[in-house]
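Since the structure comes first, as structure tokens, the remarks are kept for the end.
What follows is calculated from the coordinates using simple rules that are stated; it is not laboratory data. Please read all numbers here as calculations on a predicted model, not as lab measurements. Glycine also receives a Cβ, built like all others from the backbone with ideal geometry; neighbour counts cover every protein chain displayed.
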Amino acid sequence: MTQTPFNASQDSQQTSQAPNYGFGTTVDASFEETVTKVTEALKAEGFGVLTTIDVKATMKAKLNVNFERYTILGACNPQLAHRALEIEHNVGLLLPCNVVVHEAHEDDGSARTRVDVADPVAMLGVIQNPAMQELASEARTRLERVVASLKAAR
């Protein structure tokens with residue numbers, strides 16, 4: 001497994017021109033197993049999954065387009081969210097923390113599973129408030145531990 005910034009992802013469907021607004025890892029596990037592991041790792045860091053968006057099913061139902069297995073998990077740590085809302089009431093526009101689990105197609109044709117996390121420091125960077133940046137850093141540290149736990153569970 002490798003950890004890379006979002007703009008250096010091994011998935012050929014992602015462009016190397018993408019801004020560095022996330023981080024993640026590629027996992028040698030099935031898609032379903034990875035979604036379960038990510039959910040458990042988030043829980044260990046105080047995050048609950050509020051929303052689960054099945055992008056593949058949505059693309060098929062709405063556009064009749066086939067798409068890879070791609071799920072967006074909307075993760076929320078209630079304590080961090082409460083603190084953020086106390087700092088800036090409209091921060092809800094930038095919540096929850098999104099975690100993407102999707103099939104990663106390698107150059108050799110094999111498929112692995114990729115996990116990418118939206119970087120709270122980048123997402124909340126639009127709010128020019130030192131207290132918010134401190135909170136974003138705390139959220140990032142927790143989410144980095146989620147990614148590290150996926151790497152450790154080889």
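Structure data summary
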{"read-out": "Stokes-Einstein D in µm²/s, Kirkwood radius over Cα pairs - the range 82-154 at 37 °C with 0.692 mPa s viscosity", "value": "236 µm²/s"}
{"read-out": "Within straight-line cross-link reach of Lys151, lysines at Cα separation under 23 Å, skipping those fewer than 8 residues along the same chain", "value": "Lys37, Lys43"}
{"read-out": "10 Å-binned pair-distance histogram of the chain (Cα, whole percent)", "value": "11, 39, 35, 14, 1"}
{"read-out": "Theoretical ellipticity at 222 nm over the chain - DSSP helices of four or more residues, -39500 (n - 2.57) apiece, nearest 500", "value": "-12000 deg cm²/dmol"}
{"read-out": "Proximal aspartates and glutamates to Lys60, defined as alpha-carbon separation beneath 13 angstrom and excluding residues fewer than eight positions away on the same chain", "value": "Glu68"}
{"read-out": "Spread of Cα-to-Cα distances over 5 Å intervals beginning at zero, given as percent, for the range 52-103", "value": "5, 19, 21, 15, 13, 12, 9, 7, 1"}
{"read-out": "The range 96-149: GluC sites (Glu not before Pro) falling in loop per DSSP and having at most 14 other Cβ within 10 Å", "value": "Glu106"}
